[in-house]
Amino acid sequence: MTYQIEFSVRALRKFESLPKDVRKRLQPAITALAENPRPAGAIILKGLDRCYRVRKGDYRIVYAVRDDRLVVLVLNVSDRKEVYDAKEMKAALRDLKGWLRSL
């Protein structure tokens, strides 16, 4: 089963603002989530329903999985120093709630 990869608007903006070399390193990890949304090393995030994070160097990819619809929503792509910031996590939670309501 192949999952569809979607980005929240905020996550897409952040991803596109990253340096080109960083995007090139992160893109294969994001694309791989379509085949296996829970790869080895994926960590379940407390406080965010159905959310995981994958580490790629100093960057983290925070995403949610909807198995019944075969969809992965990327909520945040950021440096490890910023990704767990309270403001970032609140924004990711808002995006997640909106996404879950829309499905």
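The values are calculated or read from the model by the stated rules, or taken from the named source; none is laboratory data. Note that the coordinates shown come from a computational prediction; the quantities given were computed from them, not determined experimentally. Quick reminder, even Gly has a Cβ in these numbers, built from the backbone with ideal geometry, and neighbours come from all protein chains shown.
Name every residue in the range 1-57 that is assigned to a helix (DSSP H, G or I), closer than 21 Å to LYS81 by Cβ and hydroxyl-bearing (Ser, Thr, Tyr), in order of residue number.
Result: SER17, single match.
Applying the selection to the range 63-95, what residues are touching a strand residue (DSSP E or B) at 6+ places or on another chain (Cβ under 9 Å), of a type in the set (A, V, I, L, M, F, W, C) and free of Cβ contacts under 8 Å to residues at least 40 places away in the same chain?
Across the range 63-95, the qualifying residues are ALA64, VAL83.
Does ARG69 satisfy the criteria of being of a type in the set (Lys, Arg) and in a strand (DSSP E or B)?
no
Evaluate the following for VAL74: is it touching a Lys or Arg at 6+ places or on another chain (Cβ under 6 Å) and not charged (D, E, K, R)?
no
May I ask you to verify whether GLU35 is on the phi < 0 side of the Ramachandran plot, at pLDDT 95 or above and exposed (fewer than 11 other Cβ atoms within 10 Å of the Cβ)?
Against the criterion (on the phi < 0 side of the Ramachandran plot, at pLDDT 95 or above and exposed (fewer than 11 other Cβ atoms within 10 Å of the Cβ)), GLU35 qualifies.
Filter the range 80-103 down to the residues that are hydrophobic (A, V, I, L, M, F, W, C) and either assigned to a helix (DSSP H, G or I) or in contact with a helix residue (DSSP H, G or I) (Cβ under 7 Å, 6 or more places away or on another chain) (or both), then identify the one that is surrounded by the fewest Cβ atoms within 10 Å (Cβ to Cβ).
Residue satisfying both the conditions and the ranking: ALA86.
Within the set of pairs 6+ apart or on separate chains, which have a first residue in the range 6-30 that is on the phi < 0 side of the Ramachandran plot, a second that is outside any helix (DSSP H, G or I) and of a type in the set (D, E, K, R), and C-beta atoms under 8 Å apart?
ARG25/LYS56; LEU26/LYS56; ALA29/LYS56
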